[in-house]
Each structure stands twice: as structure tokens, then as C-alpha cells.
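What follows draws every value from the coordinates through simple rules; no lab data is involved. Fair warning: this is a prediction, and the values are worked out from it, not measured in the lab. Cβ atoms come from the backbone with ideal geometry, glycine included; neighbour counts cover every protein chain shown.
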Amino acid sequence: MEAGKDVMDKDFAEKECDSVRGQSSASYLVWDDLTVPVSAGSKRKLLNRLSGYAQTGRILAVMGPSGSGKSTFLDSLAGRISSDIRREGNISLSGKKMKPINHRDLSYVTQENFYLGTLTVNETIAYTAHLRLSSKMTKAEIDEVVEMTIKEMGLEDCAENRIGNWHLRGISSGERKRLSISLEMVTGPLILLLDEPTTGLDSASAFFVTRALRNIADEGKIIICSMHQPSSEVFDLFDDLLLLSSGETVFLGEAKMAIEFFAEAGFACPRRKNPADHFLWCISLDFDSVTATLLLSPRTCQNPASSGFSMRMKTAEIKATLIQSYKSSEYSSAVRRKMQEIAATKDYQVCQLNKNTNSSKWKQLRILTHRSFINMYRDIGYSWLRITFYVLSSISTGTLYFDIGYDNEAIINRGKCVSFIYGFMICLSCGGVPFFDEELKVFYDERLNGHYGETVFVLANFLSSLPFLVANSLLSGTTIFYMVKLHSRFSHYGYFCINLFCCITVIESCMMVVTSFVPNALIAIGTGAGVIVLMMMASQIFRLLPDLPKFFWQYPMSYISFAKWAVEGQYKNVMTGCEFDSAEPGEPKLKGETILKTTFGISLDRSKWWDVTVLLFQLFVYKLLLFLMLRYKKRMAPWLNGHYS
């Protein structure tokens, strides 16, 4: 373990502060008059003039009832407030105003985390380490950091277990929480923010997670975590406590002194009662309804003395009394004096990790492509099940149009065959939406903490999917082409598979854009199906292009529709160079080129390769749209949330 720490120190910590090395000096994260309105221009406040600090080597627990502002407070410190809300107040690190967050200095573990369920715990941490640690580090050094992280977080027993997804049984919820912390600790950030890390865990798992945070804090880190209702054993692990109610500070100071503060304010914690429960009982407005019910109970009416102060006062009165008591208390004065001392002192050593230690873009692309490929390969729903359906559908099509021949009926049957092929190929693309949704959730989670950017993700996702798209195209194309005997020339077989590959790739890219735009996979499947039907209606599949109404369907939909270009190119491919029997015996054979013009209304002014070129251009457009959607979705979030709410 010590060797692992030396590896991290060697690469990132040339400028690391003395506190992280265990010496006497400390770093402080300070917030002064921090105010966040409910929305732009609103007078209501989610946070109302909060002031305080957190320091290295200590755990600051942020507690309060639901809606008190805990998550908003952490979002403010992490710089994740919605772009349409203007945060007021200052946030500084040891007296120096914090600039845009450097993800080497601060990491944020949110309440809900997403993983690629087919990967093991060890693989997940290792991929993250390779994505985030310096390209100058050797594989052995990074592996040592991974091993050290696994040991520190107590994940040795489940290191080789898969995380789990819809078809794989995975690790427990407590192990998932410790995994989420591990992913952010591989780079050794100075500040670690956690939003309710014990939510949904049993008491033993919650204690284990908090104990792990205690060990991290002891290494010289600033730990700030929101907690809803910790057990007394978990509460004893906290150094400092920030109590919030309706966005206002009820108490900030040493956790063990909170009991004394409540007693001084006239709301003493009963013996053998969990202090955390008592604090929340006093400041949560939800308990007013419980109190009213208790006041009406026969037992309380018979023994009014047993009701206690909480039944004699409304929660709003208790909260107002506590807030006022804190403002005039020595605890508040001590916090203010310390903040002034921090602002006045110039020689605090702040941990500034080298910004040049980020992994290179090329390395990130290589690692992310490999990770995505492994996930696709192991996910039977995305890879093998879909390939099986493609092949079975191709065999079915081949049996329907087996050895179609060159008689007069084969003319129309070839058109039906091509339309049928692209019909089921396009529809099957909706099956990838749940997988796309999983990958996008992981991306949003990792992008927020600076693992990699949009460009790397879009390219890696495309490159990792290529082998499966090629396999689908070759297996399906070969099966159909030679069962139906669409053409005698091998070059036409090559074009058939290339056209099929381009079409499937464009459809998958379109579905990725749709999935990135909507809030969940269910809506994405419905929206994607609608887009697919619209594209198919503007192609040759349901009605010949010249017969479509000119307004909207021919112009512009037929030019936008990927189905139109794919089907048109395939019509040219299976008809040109062929001769068919005439409808009347004895008449000359009909050339495929003539049939394209007269029967299908397809012009031969442009080569069939022009259609493939348009499909490749559309592929580029969809990838660009995906990039723009990922880049600017956060800015669009207020509009999207309002639209889908």
C-alpha cells in the first residue's frame, strides 16, 4: 500500500500541500454568504446566506430534512448549479477564490451513480485510472494505484465480481457505494463531496462506507457529505456538523458540540436517543403532522406531561429559535473568526495538483474504445441477441424470396425484397436504445467529474461498435444476397454489404441522438420508432418516390431520409446489369436500367455510389448532432425538464 502511495506522490504531488503529507498545516474550503435562488429572478432561496468552512483531515456532515438544501449546497461547491440560476457569494480554497473547478482538486460522488454492469469492480476502477492518470505513468504503476484503492475501500472480496445489470447478478448496494468513491479517489483529489452516500444501505454497510470516508479524511482530505438520518454509530465518526433547514444554517461546528448547543437553546436531546434523529425532529416541518396526530391520541391526552417540548411548540417556532440562537452564539462567532483568519493568512499551502497529469486524448480514446467494446461484447442484448435476430430475419427473407430468378415477376419481387430487407433492418435498430441509454448515463456521470470529454466519447462509441456493425452487415448481407441470388457479380455483393453497413450505422447514430435528447430509454424507444416510421414513409418502401406528395414528403423529407438513399442505391445495385423476361412471350428482354426508370421512377443520372456517399455524410451529421447534444444538453436542461414534466 505504501508503494502505491509513493506512485501517486511521484506523479501528481510535486506541489502537494503539507496537510496531504500529514504535516501540521491545513487547507480550508470556505463559503461566504452563499445564496442560491429557486429560479432566475425568484425571491425565494434554496440557500440563504450560508457561511462556513471545512478543513483537511476532518469530515463535515451536512444534515437536514428533505428539501433543506443539502444537495444544492454540494452542487454549489462543485460548480454544478443550473446555468439559468445565478449563484451569489464567494467560495475560496485557503483564502484564494476558487476558479472553475479543477477535477484534480475536487471530486463529487452523487447520490445516483451509473456503471457498465458487465465489467468487474477491478476492471471498472482500472479503466477509470487509465482514463484519468498521467500518460507518463507505466501500466505497472497504474495497476499499483488500482490495487491500493481497492484495498483502502475494502473491495478485495468483490474485486473480480461483475457490477451487474438487467441480466447479471452483481455486487451489493454497499459495495456499489464504495466503488463510486473509489472511482473518484484514484487521482487523490483534495476535496471529496458526497451526496447521501449511505442512502438505501443497511446500518452495517452505512457504517462501513462512513468508516472508509474516515480513513480518507485521515490522509489529509476535505470530506463533505450530506446525510439524511445517520445512526448513532455513524454520527460518532463525524468531526463537524452543518445543520440546514429551509436553506438556512441551524448549526455549524464540532458534531459533538451540537448536543450542547441544542440543550442551551432549550431543546435538549433525551438520553439514549440518537442525536441525529433528535436534531431532525426539531427542524423538520414534516413532523408537525405527526405531532398533531399524537396530541389527539388518548394516551397523550391522559398524560400531557409526556408530550415534551416538540408537542408544545410548532416546528417552525423551534427552527426559528434555533436559527436565532445560532446567530447569537459563540459557535457562529468562532466560525466567523476562523473565516477572517483564513482570509487574512497568506501562507496557507493549498494542494495544487499538476494540470499536465491528465491522460492524453489519444490514450483516453484507446482506453474508452476498449472498455466500450468489452461491454458490447459481454452484453448479450446489444451484441449476440441482436446479431441472432438479424441473421434469423435474413434467413427468413431468403426463404421467402429464395432464388428469385429473372422472370417478369422477379422485377416486382426484387423491389419487395429490398424494401422488406431495409424495413426489418431499420426496425431492429430500436433494440439498441436501452444499451445506448446505459452508456450515455455513464458518460454524463463521468463527464461531470472530468474523466473525458464529448469528442472522445463519440469517437470511442463509434469505433467500438464497428466490429458488431460489420458482423451484422456481412452475415445478413451474405445470407440474403446468395439465398435470393440478387446478382451474379461479386462486385454487386460487395456493394450490397457496404450499403447495408452504411444504413445500419446511420440508423444507430440517429437512435443515439434521439436517446441523448430524451430523459429515459422508454421515451427514446417511442420517439425513435416515430422517427424511423417517418423516414421509411419518405422512401421507396411504402410508395414509389415519384408518387409521393411533393410538399413535405418529396421536399424535404425524401432528401433527409436515410431509408430513401439506402433503398435507392440498393435498387440500382440489384437491377443494373440484369435482364428480365418480358410480360409477353417472344418480346425482347427488359434491361434493369430501363425498369429502374419506367417502373420504379429512379433516375440513373447519379451512380449508386452517390447514395452511399450521402449515407456517409448523414453519418457525419448525426455524429456531429450527438456531439452538440452532449456538449450543450446541460444548457438546454431547464427547457427539456419543463417540456417533459
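Between the helical axis of 255-264 and the dominant principal axis of the chain, each derived from Cα atoms, what acute angle in degrees is found, rounded to the nearest 10?
Taking the Cα atoms of the chain, the angle to 255-264 is about 50 degrees.
Cross-link candidates for K485: which lysines have Cα within less than 20 Å, leaving aside residues fewer than 8 places away along the same chain?
Counting by Cα, and skipping residues close in sequence, K485 has these lysines nearby: K416, K572, K589, K591, K608.
Any chance you could give the angle, 0 to 90 degrees and rounded to 10, that helix 361-378 forms with the longest Cα principal axis of the chain?
Rounded to the nearest ten degrees, it is 70.
Please work out the FRET efficiency for the pair T599 and S360, using the Cβ-Cβ distance as r and a Förster radius of 41 Å; give the result to the nearest 0.05.
Plugging the Cβ-Cβ distance into 1/(1 + (r/R0)^6) gives 0.15.
Can you tell me the order of 542-555, 524-537 when each peptide is scored by its average per-residue count of other Cβ atoms within 10 angstrom, highest first?
524-537, 542-555
Tell me which label goes with the value of mean projected area of the Cα convex hull in nm² computed from the coordinates here: (i) 36.4; (ii) 59.6; (iii) 29.1.
Label (i) holds the value from this structure.
Write out the chymotrypsin sites (Phe, Trp or Tyr not before Pro) in the range 572-636 meeting two conditions: DSSP loop, and at most 10 other Cβ atoms within 10 Å of their Cβ.
Numbers: sites: F580, F600, W609, W610, F617, F620, Y622, F627, Y632; in loops: F600.
Sites meeting the loop and neighbour criteria: none at all.
What's the ranking of 134-141, 413-420, 391-398 by average number of surrounding C-beta atoms within 10 Å, highest first?
So the peptides 134-141, 413-420, 391-398, ranked by packing, come out 413-420, 391-398, 134-141.
What do you get for the angle between helix 384-400 and the principal long axis of the chain? Use alpha-carbon atoms, 0 to 90 degrees, nearest ten.
Taking the Cα atoms of the chain, the angle to 384-400 is about 20 degrees.
Looking at the chain only, what percent of DSSP beta bridges run antiparallel? Nearest 5 please.
Taking every DSSP beta bridge with both residues in the chain, the antiparallel ones total about 50 percent.
Considering amide H positions built from the backbone, and no H for Pro or chain starts, which residues 5 or more places from L242, or on another chain, come under 5 Å of its amide H?
Here the answer is A61, V62, M63, since their amide H atoms fall under 5 Å of that of L242.
State the Cα centre-to-centre distance between the range 126-169 and the range 362-414 in whole Å.
34
Kindly put H167, H451 in sequence by how many other C-beta atoms sit within 10 Å of each C-beta, fewest to most.
H167, H451
Based on other C-beta atoms within 10 Å, arrange D605, D32, D407, D240 from fewest to most. It would help to have the intermediate numbers written out before the result.
Working: D605 6, D32 16, D407 12, D240 22.
Fewest-to-most ranking of D605, D32, D407, D240: D605, D407, D32, D240.
Can you sort W281, W166 by how many other beta carbons sit within 10 Å, fewest first?
W166, W281
Subtract the Cα-Cα distance of F551 and R211 from 0.36 nm times their separation in residues, and report this length gain in nm to one decimal.
Contour length minus the Cα-Cα distance gives 115.7 nm.
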